[in-house]
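The values are calculated or read from the model by the stated rules, or taken from the named source; none is laboratory data. Just so it is clear, the model here is predicted, and its values are computed rather than measured. Every residue, glycine among them, receives a Cβ derived from its backbone with ideal geometry; neighbour counts consider all protein chains shown. Remember, those area values only see protein heavy atoms, side chains included, never the ligands or the DNA or RNA. Shrake-Rupley method; radii C 1.70, N 1.55, O 1.52, S 1.80 Å.
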Amino acid sequence: MRSVLLIGMGKFGQTLGEKLLNMGDEVMIVDKNEDKINQLANKYTDALIANCMNEDNLKTLDIPSFDACIVAIGDDFQSSLEITSILKDLGAKYVVSKATTEIQRKFLLRNGADEVVYPDRDIAEKLAVKLNSSKVFDYIELNAEYSIFEIAVPSKWTGKKIIDLNPRKKYGINILTVKKESSIIAFPDANYIFETGDHMLVFGNTEEILAFTNKQS
């Protein structure tokens, strides 16, 4: 269980807050909109109506006590930037800020954010990947070069062993997990034989994996 300070309760903030609560985290929410806080307060560990651009308001919250502080403001970049900086100055352990453009991301990182999330870009990239390969079911971008993908096992691999297919050498694909309808095989050994309907979680170079999936039937 982690303690989280969540600043900004727009659509993104509310969705994130609900997910954190479902994972058992203690979440304190802050927003300057009184109606919004009054509507949401009873769901959360604590709630505060406050303008967080006022450093004195943040000083009352014992910022270093939170495991993570999230600045989920998307419609006022100046506020997001200043709040991010103030949180760091007050001793925040880990600050995550929301950006809507690449320029915003760079400025937030320079002003104290430990991590910047970019929801619109992330959704667009995931959609683009899925539209360009019907065999991709999900993926996580680890950095600009490498990702983890969930992909369908090519039909021509059915009935064959991993060791005989040698996907790491031939395609640059490292198989982490095989997903079946009712079970998961973590780190399958080299003698695993693929079956119809299998999915794989694979790690590797993003472009190489996409090139591989686009060639498969």
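Just a few scattered comments:
- Restricting Asp89, Asp25, Asp46 to residues that are of a type outside the set (S, T, N, Q), open to solvent by 50 Å² or more (accessible area, probe 1.4 Å) and over 21 Å from Leu108 (Cα atoms) narrows the list to Asp46.
- Any hit, segment 23-32, residues being β-branched (Val, Ile, Thr), touching a Ser or Thr at 6+ places or on another chain (Cβ under 9 Å) and modelled with pLDDT of 95 or more: yes
- Extreme residue, most open to solvent (accessible area, probe 1.4 Å), among residues of segment 185-217 that are aromatic (Phe, Trp, Tyr) and at negative phi: Phe203
- Any hit, segment 118-126, residues being open to solvent by less than 60 Å² (accessible area, probe 1.4 Å), within 16 Å of Leu16 (Cβ to Cβ) and within 17 Å of the chain's Cα centre (by Cα): yes
- Taking the criterion of being touching a residue at least 60 places away in the same chain (Cβ under 8 Å) and either more than 14 Å from Ala72 (Cβ to Cβ) or assigned to a loop (DSSP other than H, G, I, E, B) (or both), the residues of segment 1-32 that qualify are Arg2, Ser3, Gly8, Met9, Gly10.
- Boolean, Asp35 is open to solvent by 50 Å² or more (accessible area, probe 1.4 Å), farther than 23 Å from Thr100 by Cβ and free of Cβ contacts under 8 Å to residues at least 40 places away in the same chain: yes
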